[in-house]
Each structure stands twice: as structure tokens, then as C-alpha cells.
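Please treat every number below as a calculation from the coordinates, not as lab data. These numbers come from a predicted model, not from an experiment. Glycine also receives a Cβ, built like all others from the backbone with ideal geometry; neighbour counts cover every protein chain displayed.
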Amino acid sequence: MNNQKGTETIENREKGSTNDDSFKNLSGFKIKALYGPEDISQPGREADLGLPGEYPFTRGIHKTMYRQRPWTIRQLGSLDSPSKANERIRQLLQMGANGISLCLDMPTIMGRDSDDPLAEGEVGSCGGVAIDSIEDMRNLLEGIPIDEISINFVSNSQSSVILSMFVAVAEERGVPLEKLTGTMQNDILKEYQAQKSYYFPPRPSMRLTIDTLSFCNKHLPRFNPISISGYHLASAGATPVQELAFTLANGFTYVEEGIKAGLSVDSFAPRLSFFFKVHNDFFENIAKYRAARRIWAKTIRERFEAKDRRSCLFRVHTQTSGSSLTAHQAENNIIRVTIQALSAVLGGTQSLHTNAFDEALSIPTPRSEKLALRTQQIIARESGVINTIDPLAGSYYVEALTNQMEAECYKYFKEIEDLGGVISAIEKGYYAKIIADSAFSYQREIEKGERIVVGLNEFFEEEETDIELREADPEFEREKVSDLVALKENRDQALVKACLNEIGEVCQGSDNIIPYLIKAVKSYVTLGEIIGVMKEIFGEYREDSIY
Amino acid sequence: MNKGRKRRILIAKPGLDGHDRGAKVVARALRNAGMEVIYAGLHQTPLQIVNAAIDEDVDAIGLSILSGAHKTIFPKIMTLLKEKGASDILVFGGGTIPKKDRVELTSLGVGEIFTTGTDTHVIIDYLNRTLET
């Protein structure tokens, strides 16, 4: 069907091969034919490299890196119903995954219960799990050792409620809160910038994020309360350097807000973690990680005056690039994922999700999912890349790129600062404009043949790959809705009402909201009901459409 | 449609999903190709979309769906258009939509469904060709 420009593209490439402009990375940096000592020998830069495990951590946050312990293989393990997701988590753990990411279905992401009219057709969608009430959280976590296995909740606007359900279930099971490990994504800023799963205006959303951070700071010392995410920025179109700069700027904003809420930087910065995307350009990606560690460490120490070395550590989870996967010749995606995963490992990631090759077509099958997991195991056990730490350090090219990434970042920091900070920049449409421009340029480059996607704008084949796809369960939505309706009928209605009234009052004040939410979820108040009350107080956000 | 009038296209993201990269790229490409594009923004219900299409007197509605909700949303929009006597408006779409479902949607009268990786010129050519007649 779609692309018939094979020959034209090859001609363009040949013409372009004498032109320096044709060698550009995804951030648009022109790449030289050869790098040498002159590209990295700037005075004073030796101190910027240091040793692994030492400030400024350019070479990695651990002294031993993967020799002591390889990265955490953290695969997405969700499915429509909480009990099926539970089964899938157990399977992934059995296959050798040592961490889990859980994604939510669209209604839960948008703060709506499964019986909400707007949820119709989307309950259990996108391979995400539907969480309406504490009952769902119980079923989801049943038999999973939540004090041993770290669970990453891919939860943002609804994080305060999801955390409350998680804490409530832990309390029921007698698991001490200080033992709970895992992560709440809880990164609201990138929702306005890219992923668009927001409900309230940015400022009340930030309050909920910081309430969650403060609560974890006090009661869940091993839990990461925010995972500052560049992944979604990159998926929406941000280039790697934009992803890097915007993610770090968001991270600094959370640090500022935490300090404003009365926390000391060293009490919470060590528990902030990050989430990056690894796109196709192999070395650019590695440079991105190295620059990120250095900028984070320097800023946390110099600007925020952190004394604890752990505050300076840029700890990062990585996912290979969903948006680089093609629907055409889908098996080619296996190779893309492998190269991206290797790049993340050489960049020094702490944990990694590898995408399944069929994701441009549907949610993954058990077979494609297993293949994705095995990809990581082959890199870890067979390729030998873990034998030495930061093997690319000292490469003229990688070090020059790392320096360039760092320098470019400060230009974006300046622009954001000039607009009055991250929230102001969101409100002024800064991110929407830049990200839309980058997404459009990327598409144009592909269409003009300046950027090659194998099987799409070169080596295209008319025939579509016929691969086995996972089908969504057509019965699930009906069952979930009827279970929820029954749950809502059989609870203490007066208590539900009292909890919701109390939440409304707390929203108008400044108390930490989490204890009130824990009480509510234990009384079977649902996620949609809580968000509904919050919307009445905080209002709803609508963005200007910039394209 | 009237000859000489610019083609008017409504681009919408129905449902709860906010992944609007594809919708925005297509909206800009159509605008650059000289069409009048109305981008309805996020989280639109089928009724809002159909009402907007009629109010704006568009020639076509382009829906971007990545969440798997296409099986619910496309049929609803087709039914609403019919009820409101606006079946002359072309409905096309794009997103993560398996081949089997694309065939089913076509049988409901939905136009072309473009998957991930489609060249925007293919969409422009399609609209020019289809709205000609």
C-alpha cells in the first residue's frame, strides 16, 4: 500500500553522500567523518569524566556496574483484568524477569471507572489493567511478594489514588510499608508536555505529585515516588537532546517543589528515578545517558547543594522505542529492539524493557513477549558487553557527542527559565510547539528519503506480513462493568459519601491528601469517584491545540 | 462538493487516549497541502465529533485511534452520521488497527485506514482522489 519511493530514495542517498548534511543524528547534530583528540581536549574536561561510581558519574553510577549485577530486566506485565495481569506477572518472573512494570487501561489512566459511559470500548485497552477499586489491587498483587519484587506502576495523574490502594493492600497483608519497593511514575509534567493524560490544571496536579512524594518520603523509604520520564516526550516527537533537556528540567522542577514543601534535598533526591527512551541512533543514545548523569549530578550538588552522594545519582529505567517499530515487515523490529537494547546497556541503564516486535499492530502475544525478554538475556549472557565498565569511554566520538549533548541542554534550560520555568512554559505552549515541529520534521525526513526506515521507505514490499496477533477479550468489559456495579451496590454508602466529602475538603486545604485517600479506598470508594470529586474542586484542564 | 472550494477536513482523536503525534502530523501535512484542517483536539466523543463535522461543514473526518477502541468508535460515528443525514461525509482513519479489523470497518462504509508508517502524501492523494467524485 503506502510507500512507493524505493528507487527515488536510493538516488537521493547517492547524491547526498558527498554532502555533509546527510550525516546527522536524530537530534540534528552534524556528524563528522572522523573524530580525534582535538574534539575532546578542552581544558578542564578530564574532571567531567571521572570514574564509574564517582562524581560526576559520567561513566556510570556504580563502581562495579554490571559485573556485580546486570541491569534489571523489567518487562511490562499487564493485561485487561487484574487476575489475568497477576498471572502474566508470575509468568514473566518465572521466565527470568526480575522487575515488573504495570500499565493501566485507558479509563483508569483517565481517572474513570469501568462503568463510566466514556469508558465504553476501552476497558482493558492497550494491554493495560483496569483498576477501579481496592478489590482490583488485591487481585492484581495476590501472591506477589511486594516486599521483594519491585513493581513499577505506570501511573501518573491518578498516582495518589493508586499509591493509596497499594499501601492499603500492603497493610491488609501485614507487609511493613518501609519494606515496599517499586516505583510510581507520577510524573505529571510530561503529561502536559507530551502524553496528555491529565485531568486538572498543572498546579493542583503538582500538589498531588508532591503529596505522594512527601508521603513516600515519610513512610515508604525504599519506594521511588516519581519516575521522571523522557520516554513519552520522545514518543510524541522530541529529539534525543530535547528528551534529555526537558526530562532534566522536569527533574529539577520536582526538586524545587519538594524543597518548597519543606523536605531537604538529600531526604528525597536519592529516590527520584528517571525513564528514558532509546531510539535508533546508537551512539547518540549512549551520549545521552552519559550527559544526563553528569548534568544531574552537577546541578544537584551545585544548585541544590546536596551533600549526599546518592542525591546526585541519575538512576534510569529504559524502554526501547515503540515509535520506531514498523507495521510493515514487523519481524524487522526484532533487530531494531536488539540494537536499541544494546545501546541502552552500553549507556549504563539500571533497568530495561524491550518491546515486542508486533506492537505496531496490536498488543504482544506471549511468543513475541518472550522473544523480547530473551533478547535482553542474550545481551547479558552471551555478548560479553558486561565484562567491563563503560567500554566506550574515551572514544573521541562518544565523548565529543556527550559534551555536545550537555552544551545543547543548557540552551533549552535557558529558554525554559526565560519563560518562567517549566509550568509556565507548558501554559505558554512551548513544549507543544517544539514537539510538534520535531515530529513533523522527522516525518518529512522519512518522506523525502533523508532518513531511511528499512522496509518502509527503502526495501519496501507490497505484501503485508501475516503474523499471529493477540486478540482483546470481547467479554472482559461486560464482566468488569457488572462486577463493579455489584461492588458499588454492596458497600457502606454513608461511609463512601463521608469519605468523598472529606476528600473535597482536603483538596481545598493544604493537608497531605494520601491518608484520606487510603481511608477512602479501604471503604471501597472507587478511583473514578475520587477523581470526580477532585475535578469539582480543581477544575479540568484543556490545552490549546498546537500542530 | 463545490468546485474550487478548499477541502475541509476534521481531524479528531476520539476516546480517552492522548497519543496525538499521528493526528497532529497528518493535520499539518493536510494543511500544508492546501486543505482547511479543523483539529478537534483530544478526548472527543463520537457525538462531539459528528456535531463538529456537521457544524464545520467538512468533507471528511479523519480519526486517529491507537488504543484498540476503533471497533467501538468507528461504528458509532457511522451510525450518528447516518441518523443526522450526513452520510456524505467521508470517514477515514489511522492508527494501530489490525488488518482483519480494517476489513470489517471498510464493510461499514469507512474509507481507507492508514497504519503506522504511512507517507502523508498517500493520505493527501487519497483525499484528493476520493473527494473528487
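When the Cα gyration tensor is reduced to axis lengths a ≥ b ≥ c, the ratio a/c stays below 1.5 for the stretch B:8-132, which is therefore classed as rounded. Measuring r between the beta carbons of B:Leu131 and A:Glu331 and using R0 = 35 Å, the FRET efficiency lands at 0.45. Each of A:Arg90, A:Arg293, B:Arg7 was scored by other Cβ atoms within 10 Å of its Cβ. Arranged with the fewest first, they read A:Arg90, B:Arg7, A:Arg293. Length gained on full extension, A:Asp418 to A:Phe282, computed as 0.36 nm times the residue gap minus the Cα-Cα distance: 45.7 nm. Fully extending the segment from A:Glu462 to A:Gln508, taken as 0.36 nm per residue of separation minus the present Cα-Cα distance, adds 10.7 nm.
Modelled label positions at A:Ala494 and A:Ile546, each set 7 Å beyond Cα in the direction of Cβ, lie 5.3 nm from each other. The alpha carbon centroids of the stretch A:319-371 and the stretch A:201-279 are separated by 25 Å.
Shielding of peptide B:111-119 by partners, expressed as the average count of other chain Cβ atoms within 10 Å per residue Cβ, is 6.
In this calculation the C-beta distance from A:Glu172 to A:Leu51 is compared with R0 = 41 Å, giving a FRET efficiency of 0.35. Taking Cα centre as origin and charging only the Cβ of basic (Lys, Arg, +1) and acidic (Asp, Glu, -1) residues, the dipole magnitude of the protein assembly as shown rounds to 1480 debye. Relative to the longest principal axis of the Cα atoms of chain A, the long axis of helix A:493-508 lies at roughly 50 degrees. For chain A, the 222 nm mean residue ellipticity estimated from helices alone, with every DSSP H stretch of n ≥ 4 adding -39500 (n - 2.57) and the total spread over all residues, rounds to -15000 deg cm²/dmol.
Cα centroids of the stretch A:45-72 and the stretch B:10-85: 49 Å apart. Cβ crowding within 10 Å ranks A:Val485, B:Val50, B:Val103 as B:Val103, A:Val485, B:Val50, fewest other Cβ atoms first. In this simple spin-label model, placing a label point 7 Å from the Cα along the Cα-to-Cβ direction at both A:Ala33 and A:Ile259 gives a separation of 4.9 nm.
Among B:Arg31, A:Arg59, the order by Cβ neighbours within 10 angstrom, fewest to most, reads B:Arg31, A:Arg59. Summarising the label geometry, the points placed 7 Å from Cα in the beta-carbon direction at A:Glu305 and B:Asn51 lie 5.5 nm from one another.
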